[in-house]
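The structure appears right after this line, and notes come after that.
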Ligand code: CUA
């Protein structure tokens, strides 16, 4: 099953509406927008008219008496905005309820946000995926979300959904995608220096493809060489913090790690081997490379053994010339 290219169609104002309630958001947004345009136009023209009509000129140089009250005007500028705002409130509140209450048959998927990746855990099989959420089309999905470290925000413009992920509590979100395709997922809460790279995709597939996806195991394609599979895991999970070309990011580069001596601030030095890489994934703070803080989250329970093997195989290929 291929990840399809990301869909970016839509109007001038919005990306294409893909969830069952996206039109609710668009309609209310459109209403508020056009009311604002109309009010701005009418008031501005009215003001210009008065400026011209009552400008200072010969025979009209003295201000008329000070007006302190005008009952009709005051009633109008109180009642009209109040009615308008209450109308928008009731409309918005009804839509908000629709978007808040997930249908009882919704498929629950757990979401964890962490610096800097999305982790999705599927029901029944317990399958775990990173950064790409795969869901069946025309099926209500309920996301049960929490954060590991700082705030994150799950934002899919095509679905018109955005909600914060908060450490130590759950927030929920539901949607029903109406069209097969891949749609961009963003983190919309500044969550550290990898924030802008905390992106992903929601892959909406047919129900058959979804069943096949659930059964396809550890996510590794047996026909792909192990180090290439490892690069895929790296791209999804590690690239936000670790470079592979020696450049300095939040965490140590992975270039020339394998087979070289590593110096730690809280442990004896050693030569990096398979066991060291595995331990760094599962217990990242046990050996901290000198000059770097212990900010990496543990991938214990998130990475399958096959994925760890693939990552090790990939890291072994990362050698600069002469090494
Ligand atoms: Cu996570 Cu911004």
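The set of residues from the stretch 112-136 being in contact with a strand residue (DSSP E or B) (Cβ under 6 Å, 6 or more places away or on another chain), more than 16 Å from the ligand (Cβ to nearest atom) and free of Cβ contacts under 8 Å to residues at least 60 places away in the same chain comprises 121, 123. Can you find, within the stretch 199-239, the residue that is modelled with the highest pLDDT among those that are assigned to a loop (DSSP other than H, G, I, E, B) and within 16 Å of the ligand (Cβ to nearest atom)? Ranking the candidates gives 199 first.
Among the residues that make up the stretch 51-72, is at least one of them surrounded by 10 or more Cβ atoms within 10 Å (Cβ to Cβ), at pLDDT 90 or above and within 51 Å of the chain's Cα centre (by Cα)? Checked the stretch 51-72: no residue is surrounded by 10 or more Cβ atoms within 10 Å (Cβ to Cβ), at pLDDT 90 or above and within 51 Å of the chain's Cα centre (by Cα). If you go through the stretch 152-167 and keep only what is farther than 28 Å from residue 207 by Cα and away from the ligand (no atom under 11 Å from the Cβ), you end up with 166, 167. When every residue of the stretch 262-285 is checked against the conditions, none turns out to be under 23 Å from residue 118 (Cα atoms), in a helix (DSSP H, G or I) and in contact with a strand residue (DSSP E or B) (Cβ under 7 Å, 6 or more places away or on another chain). Identify the single condition in (1) out of contact with any strand residue (DSSP E or B) (no Cβ under 9 Å at 6 or more places or on another chain); (2) crowded, with 16+ Cβ neighbours inside 10 Å; (3) under 16 Å from residue 115 (Cβ atoms) that residue 313 does not satisfy, given that it satisfies every other one. With respect to (1) out of contact with any strand residue (DSSP E or B) (no Cβ under 9 Å at 6 or more places or on another chain); (2) crowded, with 16+ Cβ neighbours inside 10 Å; (3) under 16 Å from residue 115 (Cβ atoms), residue 313 is out only on (3). Scanning the stretch 168-198 for residues that are part of a strand (DSSP E or B) and within 12 Å of the ligand (Cβ to nearest atom) gives 185, 186, 187.
The values are calculated or read from the model by the stated rules, or taken from the named source; none is laboratory data. Just so it is clear, the structure is predicted and the values come from calculations on it, not from any experiment. Cβ sites come from the backbone with ideal geometry, for glycine too, and all protein chains shown count toward neighbours.
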